[in-house]
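Novice: Pasting a structure below so you can have a look.
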Amino acid sequence: MKELSLNILDIAENSVKAKATKVEIKLEEDGEILKFSISDDGCGMKPDFLKRVVDPFATTRTTRPVGLGIPFLKLAAEQTGGSMEITSRHIEDFPDSHGTTTSAVFYKNHIDAAPLGDIVETVVTLIQCNPDIEFSFTHVTEDRTVRLETAELKEVLGDVPLNNIEVILWIKEYLVEQYN
């Protein structure tokens, strides 16, 4: 993928497919290093699948026999001198503490480093398409912290759904303001 925000969207959508009710997206930038992690409380992966998850032919998809999101993310990180790691606890083995965390490290000054891309649109898209999921987004840079918690929004909004167009526009504006 040409932008890391699209990798983040892909991984977060995997969390949605795993029936997560909570998804936490964290980005940390420190100098030339960009780290991100996506954690969820979804059903998790069984150990045998977790060992094969970076193989493009290891997929849970039913529409085609390949899954390229994780392998491309791993390649993108490693091309910059970084790394990718996935930890997971399957619901059958850990009924009270299941879920998956995908993390990656990128060196932004490397010639093969992809740009972050439009992370605001990524977050807004995730919320708009999955209004019932509790998203937590944090992006820490050297000069600011951008943060959004949909649980807080739901508390204030009551019965108004997060995918209401006025709410979505407000979320987008709120995130953009934090970046400016």
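Novice: Go through the range 89-103 residue by residue and turn each phi into a ³J(HN,Hα) via Karplus (6.51, -1.76, 1.60, θ = phi - 60°); whole Hz please, and just put x for glycine and proline.
Specialist: Each residue's phi maps through the Karplus curve to give 10, 6, 4, 5, 8, 9, x, 9, 8, 9, x, 9, 10, 10, 10 Hz.
Novice: Counting residues in the chain as N, plug N into 2.2 N^0.38 Å and put the Cα Rg over that result.
Specialist: Working: Rg = 16.5 Å, N = 180, 2.2 N^0.38 = 15.8 Å.
Expressed relative to 2.2 N^0.38 Å, the Cα Rg reads 1.04.
Novice: At K46 and E85, where each label point lies 7 Å from the Cα along Cα→Cβ, what is the point-to-point distance in nanometres?
Specialist: Placing both labels 7 Å beyond Cα along the Cβ direction yields 2.6 nm.
Novice: Across the range 136-152, in residue order, what do the Karplus-derived ³J(HN,Hα) couplings come to in whole Hz, using 6.51 cos²θ - 1.76 cosθ + 1.60 with θ = phi - 60° and x for Gly and Pro?
Specialist: Each residue's phi maps through the Karplus curve to give 10, 10, 9, 10, 9, 10, 5, 10, 6, 10, 9, 9, 8, 10, 5, 4, 5 Hz.
Novice: Sorted by packing (mean other beta-carbon atoms within 10 Å per residue), highest first, where do 95-104, 161-170 land? Don't skip to the end; give the middle numbers.
Specialist: Details: 95-104: 17.7, 161-170: 13.2.
Listed from highest to lowest mean packing, they are 95-104, 161-170.
Novice: In whole Å, how far is the Cα centre of the range 143-180 from that of the range 1-48?
Specialist: 19 Å
Novice: Okay, next question. Just from its helices, what would the mean residue ellipticity at 222 nm be for the chain, if runs of 4 or more DSSP H residues each count -39500 (n - 2.57) and the sum is divided by every residue, rounded to the nearest 500 deg cm²/dmol?
Specialist: Calculated mean residue ellipticity at 222 nm is -11000 deg cm²/dmol.
Novice: Additional query: Which value in nm describes the separation of the simple spin-label points at F72 and Q178, placed 7 Å from the Cα toward the beta carbon?
Specialist: Modelled inter-label distance: 2.6 nm.
Novice: Here's something else I'd like to know. What is the local net charge at G31, summed over the other residues whose Cβ is closer than 10 Å to its Cβ (Lys, Arg +1; Asp, Glu -1)?
Specialist: Numbers: positive: K108; negative: E29, D30, E32, E142.
Value of the local net charge: -3.
Novice: Leaving out ligands, DNA and RNA, what percent of the accessible area of the chain is carbon and sulfur, probe 1.4 Å? List each step's numbers first, then the result.
Specialist: Numbers: 5260 of 10120 Å².
Here it works out to 52 percent.
Novice: Show me the ranking of peptides 81-93, 117-129 by mean Cβ neighbours inside 10 Å, starting with the highest. Please list the in-between numbers first.
Specialist: Numbers: 81-93: 16.0, 117-129: 18.7.
Put in order of decreasing packing, that is 117-129, 81-93.
Novice: Now for a separate question. How long are the three semi-axes of the equivalent ellipsoid of the range 127-169, in whole Å, if each is the root of 5 times an eigenvalue of the C-alpha gyration tensor, listed from largest down? Numbers along the way, then the final one.
Specialist: Numbers: eigenvalues 97, 21, 18 Å².
Semi-axis lengths for the range 127-169 are 22, 10, 10 Å.
Novice: Using a 1.4 Å probe, what is the accessible area per residue for the chain, in Å²? Before the final figure, lay out each step's value.
Specialist: Numbers: 10120 Å² over 180 residues.
It amounts to 56 Å² per residue over the chain.
The values are calculated or read from the model by the stated rules, or taken from the named source; none is laboratory data. If you're wondering where the values come from, they're calculated on a predicted model, not measured in any experiment. In this analysis, Cβ positions are derived from the backbone assuming ideal geometry, glycine residues included, and neighbour counts consider all displayed protein chains. Surface areas here come from the heavy atoms of the whole protein model, side chains and all, with no ligands, DNA or RNA. Shrake-Rupley method; radii C 1.70, N 1.55, O 1.52, S 1.80 Å.
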